[in-house]
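Below you'll find the structure, written out as structure tokens, and then a few comments.
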Amino acid sequence: MSAPARIFLVAAERSGDMLGTELMRAMRARLGAAVEFAGVGGAAMAAEGMPPLFDISDLSILGLFDGLKVYGRVLRRVEETIAAAEAFRPDAAVLIDSWGFSIRVAKALKARLPDVKVVKYVGPQVWASRPERARALARVTDRLLTIHSFDAPYFEREGLPTVFVGNPALEREGRGDRPGFRKRHGLSPDDEALLVLFGSRSSELRRLYEPFADAVKRLRGARPGLRVIVPLAGSIEDAARAKIAADTRFDGAVVVGEDEKASAFAAGDAALACSGTVVTELSLAGVPSVAAYRVGWVTWTVARALFLLRTRYISLVNIAAGRELVPEYVQTRCTGANLARAAGAILSDPDGREETARLLRAITTEMRGEGRAADKAAEAVIALLARPGQRLDSGT
């Protein structure tokens with residue numbers, strides 16, 4: 001029996017931690033004991049048997065200014081990561097999402113471990129901004145595993161082989177229990193309920209908390225019976241609970257953790273959400289939503305000055321649909337008044353809400369792709385490792 005395949009994984013954010021966990025399980029299902037893992041990950045990957053190299057919350061940053069503030073820390077973490085890779089001597093490295101960190105790791109791997117196959121799992125959104133990133137990635141990686149069906153042409157024209165595996169975020173959410181959740185948390189079947197989702201990064205909570213709280217206040221003033229449900233990502237749960245507990249605008253809100261997210265989605269009639277994966281998850285659940293986002297003002301000013309934003313929409317479901325199924329409010333438009341007006345319009349139109357829910361479910365079903373993303377990702381990595389004429393599996 002040949003030596004086990006050695007896979008070095010790098011997941012520097014919570015979403016990547018989930019992708020890494022699913023990839024580990026899928027590869028073990030195929031290779032059994034003939035695969036070993038090491039690298040950078042979070043709590044989920046640690047539970048799968050890959051101890052974290054460091055706390056990945058150090059790297060949960062967004063935007064130019066935030067990045068500059070922690071630049072030295074990022075470089076230290078890159079060096080720690082490469083040192084661990086050198087000690088592990090992997091056959092392949094899979095770098096998951098987190099562009100700023102993973103591209104630095106990819107460059108260092110190619111310089112110091114040139115024989116290692118480097119795979120990028122989730123590409124930069126070059127169709128939205130920074131198209132030059134496709135060329136930069138092609139120079140230092142051997143394969144791209146993408147979650148978007150429309151990604152391939154942008155990267156393959158730069159010579160980077162690209163495999164569409166599907167969007168795993170659209171596979172995870174089970175069917176929620178609307179009646180059970182409402183009964184458990186004291187909502188009647190007829191109560192109007194708004195979901196409020198702050199995102200998963202501390203910077204998202206910091207920048208979106210005030211406009212979201214102001215929107216809740218305005219909506220409650222106009223709709224006295226409105227109930228508010230706040231599902232929290234584990235990465236911000238403690239900080240968010242503290243802010244909500246001290247804020248009378250959220251009095252009586254139902255605040256739950258990730259373990260109740262699917263049922264919370266089922267219990268909601270509309271949502272106010274941080275733009276990102278959660279908007280896609282809400283769409284899959286058929287919850288009409290309002291998406292909002294803010295970045296640092298330095299980042300926003302530079303992006304506008306250099307025309308870095310190339311797409312009409314920021315939500316993937318809108319991009320896939322080619323229309324604004326989810327209203328978007330970014331930066332200067334992300335105000336409590338605007339958000340309350342948009343969410344109120346959804347709540348006031350039950351028939352329109354039902355039709356939007358139908359369209360959201362249809363488009364996210366198309367976005368999901370055929371088969372499980374983790375299975376296809378595992379097969380792509382294994383195929384890259386196998387020598388010509390060799391079948392790499394648990395029996396090799």
**Study point:** Scope segment 147-162; condition modelled with pLDDT of 95 or more and closer than 25 Å to Val279 by Cβ; matching residues
**Key:** Phe155, Thr162
Check your understanding: Do we have any residue at all in segment 371-378 that's under 22 Å from the mean Cα position of the chain (by Cα) and modelled with pLDDT under 90?
Key -> yes
Check your understanding: Regarding Ala128, is this residue closer than 23 Å to Asn318 by Cα, touching a Gly at 6+ places or on another chain (Cβ under 6 Å) and in contact (Cβ under 8 Å) with a residue 40 or more places away in the chain?
Key -> no
Practice item. Within segment 214-264, count every residue that is assigned to a helix (DSSP H, G or I), over 24 Å from the mean Cα position of the chain (by Cα) and surrounded by 14 or more Cβ atoms within 10 Å (Cβ to Cβ). Key: 9
Point to revise | Matching residues, segment 175-201, being of a type in the set (Gly, Ala, Ser) and not in a loop (DSSP other than H, G, I, E, B) | key: Gly180, Ala193
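Quick grid of which residues meet (1) of a type in the set (A, V, I, L, M, F, W, C); (2) over 22 Å from Ser202 (Cβ atoms); (3) assigned to a helix (DSSP H, G or I):
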position	(1), (2), (3)
Gly16	no, no, yes
Arg25	no, yes, yes
Leu31	yes, yes, yes
Phe37	yes, yes, no
Leu53	yes, no, no
Ser57	no, no, yes
Study note, to complete from the structure: Taking segment 1-47 and the residues there that are closer than 22 Å to Arg77 by Cβ and β-branched (Val, Ile, Thr), the one that is surrounded by the most Cβ atoms within 10 Å (Cβ to Cβ) would be Val40
Practice item. Taking the residues in segment 265-300 that are within 18 Å of Phe198 (Cβ to Cβ) and charged (D, E, K, R) as candidates, determine which candidate is nearest to the chain's Cα centre (by Cα). Key: Glu281
Review point. Which ranges mark the helices (runs of 4 or more DSSP H) fully within segment 90-161 that have 1 or more residues being touching a Leu at 6+ places or on another chain (Cβ under 6 Å) and either closer than 17 Å to Glu13 by Cα or among the aliphatic types (A, V, I, L, M) (or both)?
Key: 99-112, 132-140
Review point. Does Thr311 qualify as being surrounded by fewer than 19 Cβ atoms within 10 Å (Cβ to Cβ), of a type in the set (Val, Ile, Thr) and modelled with pLDDT of 95 or more?
Key: no
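The values are calculated or read from the model by the stated rules, or taken from the named source; none is laboratory data. Given the structure is predicted, the values throughout are model-derived calculations rather than measurements. Quick reminder, even Gly has a Cβ in these numbers, built from the backbone with ideal geometry, and neighbours come from all protein chains shown.
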